[in-house]
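Heads up, the thing below is written out as structure tokens.
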Amino acid sequence: MKRNLLTAFLMTIATTILLGIIYPLVVTGLAQVLFPKKANGELVEVNGKLVGSRLLAQSFTGAGYFHPRPSAVNYDPTNSNGSQLGPTNRQLIDRVKSDVAALQAENPGTPVPIDLVTTSASGFDPDITPAAAEFQIPRIAKARGMSEDAVRELVRQHTEERQFGFLGEPRVNVLELNLALDRTPGKLASR
Amino acid sequence: MTLNGWLQILFFLALVFLVTKPMGVYMARVFNREKTFMDPVMRPIERLIYRLTAVDENHEMRWTEYAIAMLLFSAVSMIVLYAIQRLQGVLPFNPQKFAGVTPTHLAFNTAASFTTNTNWQAYSGEATMSYFTQMAGLAFHNFISGATGIALAIAFIRGIARRQMKTIGNFWVDMVRSCLWVLLPVSIVGALVLVSQGVIQNLRPYDKAVLIEPMQVQKTGPDGKPMVGSDGKPSMNTVTEQTIAQGPVASQEIIKEFGTNGGGFFNANSAHPFENPTPLTNLIEMLAIFTVGAGLTYTLGRMTGSQRHGWAVWAAMAILFMAGCVVAYWAEARGNPLLAGVDQRVSASQSGGNMEGKEVRFGMANSTLFATVTTDASCGAINGWHDSYTPLGGLVPLANMMMSEVIFGGVGSGLYGMLIDVVLAVFIAGLMVGRTPEYLGKKIEAYDVKMAMLFVLVFPLVILTFAAISSVRTFGTAGISNPGPHGFTQILYAFVSGAANNGSAFGGLTVNTLWYDTAIGFDMLLGRFFMMIPMLAIAGNLAQKKYVPPSSGTFPVTTPLFTVLLIGVILIVGALTFFPAVSLGPLLEHLLMAAGKTF
């Protein structure tokens, strides 16, 4: 008993040093050397200014930008969360109803893709489905004075297919797509 | 549901099948202390640890000493984790200058949570824990609580395999070998693979990005509610920056899955793009969750000399796993019938279904597969919020945990939980033919069955008691965020998850309160240690028994018939115990949802 208690103390110290300190620091060192960009969150800079991470959605509400999925936490990466609303919760039903009404006004006659009116799990899902991108094309083309086909071509270029052809789902990274829009000549082209 | 979705699910099951044998053979060699390819690296470290910690590696323990060593190690390391949390303000690696974790009941809850391999999180990682606490406190416990589980499973296997012996191994040696030979090498390689896909790994302070479009955000008052101006309109704030939380995530992510711990570095866990950025990382994380549990069935077969028994157990796990996948995938892909005007159908350009609380890159197949895997095992990582699942979709994780996570299961705990069910199955088969039951040459007698029943009964007793109290007292019901039957499910899920040492949640429930932190804290401790002790008692008792050669009256534990009987026992023990509670929660909500009722 006494000896095991002594070992319990010493073992906690020894394994903390090995597994709790040496291991993560070694992995950090290797990661920073081997994959520096990925290890630091795939940060995106425009003209030398940090504008975000390609893995984290940020708010876009202007007519000339693709909008990401709704966020329950205002796209705040220090507070990652979903809405936690259950399927029969009236707050969920009402929120979706009003979001659907707003989106249908902008693109009448087309059913609204589900991911555009549901909050993501992280609160900053970087992607939308190709369906959700297609739904927004008319608005963006109009706001930017581009042809719908030109916008559609840009969406196509930024559509990531399933990994290795079968893993996950096809998706469109909203931040990268919007930055590409800004680089495209048109009446809203900037920066 | 799509063909591609099913292909992904079956591909995953095929990978689990493929890792079972190599992992099982390797672990059998590690714990029999035979030569492995890791010896040149790990053996010197192992010797050094024993020298520093006063361990005699040739000392053999009876089950009682084994249990005491395990309990002492858990208690000491739990106290240290409590202290680290409270003192993190003065410890290094704290670029965000987080103060010590308060209130004390949260620090207690978290210490109990990580010590018991539950990783229930009543806090939000990116807003509470320093990098030091994450690495040396939380990720460290991911290793040792997993290693403790593996050690105990190995001790149980020895109990079956040994004949007329009083001892079942040495806890320290089994625990250290689990860490050094099994968990650490895979974690180093796995962490780097995750980083290559975009899981972050750094010690930098949080970055500040300047938003391309400034964002209007409604202010929140001191009470946490959205603020409204004197004119009745919401009062808004213009936000121009996004603060990007950073940290040593990959090193924690891999062991969180491989040790079936499940505590996310961030609040959003494996739904967070920094923890799980691509479909490949999602696959690796799911596979990591099942690898040890699947491998241990092969280790069982190898160490007891009945490989076909190992596969019969594996088959029972695989069948129950697929059953969960089918129900969850079907329920979520159907979507939410209460939502009007939206397109929830699957097409070439969207995966459709109930996307509330899910991520686009995972869609329906990978979200529901992850939910099934994480609750089959005692992991509890999530890549979508179970609280927002449809009633039947959310029932699958709940039911998986109610079967006490024996479907591949937590590292170690899944196997010994399953073997308790095997003891019961053999006992029931014995009753049916009127002979003393035998299991792999050991007579199963009154003492063993009593201990097995204790193991089985502690679990619902703890859960139902706490859930009942919480459902009728205001300190319990105050935490509910989704009214109606869903609110009861939130409470039930919390205590099932705690006692099963899973750690996933119906996350809307407000749990950082004195009642929930304390109650779930004890729920987790009782669910872990009060089940481990009777299990070790059976192991010790089996080890000292004589070997009885199989006769014509022995119920064979290697046949499909055995697999079916085992599944039957699991369903009866798990499902029937909790059926009344389940019918008040998810089943009722499902019927009301179908009738168009909202709350």
Task: Peptide B:175-188, shielding by other chains (average Cβ, 10 Å cutoff) - done: 2
Open item on the list: Output the 0 to 90 degree angle, nearest 10, between the alpha-carbon long axis of helix B:184-197 and the longest principal axis computed from the alpha carbons of chain B.
Closed with: 30
- [ ] Would you mind pulling out the separation of the Cα centroids of region B:442-500 and region B:509-575, in Å?
- [x] 15
Open item on the list: With θ taken as phi - 60° and the coefficients 6.51, -1.76 and 1.60, list the Karplus ³J(HN,Hα) couplings across region B:452-457 in order, rounded to whole Hz; mark glycine and proline as x.
Closed with: 4, 5, 4, 4, 6, 8
Task: Approximate spin-label separation B:LEU48-A:MET1, in nm, with each point projected 7 Å along Cα-to-Cβ - done: 3.5
TODO: Compute the signed sum of charges (Lys and Arg +1, Asp and Glu -1) over the other residues within less than 12 Å, Cβ to Cβ, of B:VAL195.
DONE: -1
- [ ] Please give the FRET efficiency for A:GLU153 paired with B:ILE79, using the beta carbon to beta carbon distance and R0 = 60 Å, rounded to the nearest 0.05.
- [x] 0.45
Task: Alpha-carbon Rg/Rh ratio, for chain B, with Rh computed the Kirkwood way - done: 0.97
Open item on the list: Can you give me the long-range amide H partners of A:SER53? Hydrogens built in the peptide plane at 1.01 Å from N, cutoff under 5 Å, separation of 5 or more residues or another chain.
Closed with: A:VAL44
- [ ] Obtain the radius of gyration and the Kirkwood radius of the protein assembly as shown from its C-alpha atoms and give Rg over Rh.
- [x] 0.98
Task: Helix-only CD estimate at 222 nm, as mean residue ellipticity for chain B, using -39500 (n - 2.57) per DSSP H run (n ≥ 4) - done: -19000 deg cm²/dmol
Open item on the list: Please compute the Kirkwood hydrodynamic radius of region B:433-589 from all pairs of different C-alpha atoms, in Å with one decimal.
Closed with: 17.9
TODO: State the percent of C-alpha pairs, over all pairs in region B:49-165, separated by a distance greater than 22 angstrom.
DONE: 43
Task: For region B:159-218, radius of gyration divided by Kirkwood radius, i.e. Rg to Rh on alpha-carbons - done: 1.39
Open item on the list: Spelling out what I want: for every residue of region B:230-240, take phi, set θ = phi - 60°, compute 6.51 cos²θ - 1.76 cosθ + 1.60 (Karplus), and round to whole Hz; glycine and proline get x.
Closed with: 5, 7, x, 8, x, 8, 10, 10, 9, 9, 10
Open item on the list: Per-residue Cβ counts within 10 Å, from other chains only, averaged over B:3-15: what number is that?
Closed with: 1
Task: Environment charge of A:LEU116, counting only residues whose C-beta is closer than 10 Å and scoring Lys/Arg +1, Asp/Glu -1 - done: -2
- [ ] Enter the Cα centre distance for the pair region B:243-269 and region B:381-399, rounded to the nearest angstrom.
- [x] 20
Task: Residues in region B:270-310 reached by a label modelled at A:ARG162 [backbone nitrogen below 13 Å; 7 Å Cα→Cβ] - done: B:279-280
TODO: Could you run the Karplus curve 6.51 cos²θ - 1.76 cosθ + 1.60 with θ = phi - 60° over region A:71-85 and give me ³J(HN,Hα) per residue in whole Hz, x for Gly and Pro?
DONE: 10, 7, 10, 6, 6, 9, x, 8, 8, 5, 5, x, 6, 6, 7
TODO: Just flag the trypsin sites (Lys or Arg not before Pro) in region B:405-500 sitting in loop per DSSP whose Cβ has no more than 11 other Cβ atoms within 10 Å.
DONE: B:ARG473
- [ ] Would you tell me the mean number of C-beta atoms belonging to other protein chains that fall within 10 Å of each C-beta in A:57-66, as a whole number?
- [x] 3
Task: Degrees between helix A:2-15 axis and first principal axis of chain A (Cα, 0 to 90, nearest 10) - done: 40
TODO: Mind pulling the per residue volume of the convex hull built on the Cα atoms of region A:41-183? Å³ is fine.
DONE: 131
- [ ] Please give every one of the lysines within straight-line cross-link reach of B:LYS442, meaning a C-alpha to C-alpha distance under 29 Å, and leave out same-chain neighbours fewer than 8 residues apart.
- [x] B:LYS21, B:LYS166, B:LYS450, B:LYS545, B:LYS546
Open item on the list: Please report the spacing between the Cα centers of region B:304-331 and region A:87-165 in Å, no decimals.
Closed with: 39
Open item on the list: Applying a 10 Å radius around every beta-carbon, put B:141-153, A:38-50 in order of their mean neighbour count, most first.
Closed with: B:141-153, A:38-50
Task: Label-to-label distance, nm, for residues given as B:LYS35 and A:ASP94 (7 Å Cα→Cβ offset) - done: 7.3
Task: When region B:128-196 is reduced to its Cα atoms, the Kirkwood hydrodynamic radius in Å - done: 13.8
Task: Angle between chain B longest axis and helix B:560-571 axis [Cα atoms, degrees, rounded to 10] - done: 50
Task: For region A:14-120, convex hull of alpha carbons as volume per residue, Å³ - done: 166
Task: Interchain or long-range residues, amide H under 5 Å from B:GLY410's placed H - done: B:SER378
Task: Sequence-distant residues sharing a close amide H with A:VAL112 (under 5 Å, placed H) - done: B:ASP343
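None of the figures in this text is laboratory data; all of them are computed from the coordinates on show. Since we're looking at a predicted model, the values are computed, not measured. Backbone-built Cβ (ideal geometry, glycine too); neighbour counts: all protein chains shown.
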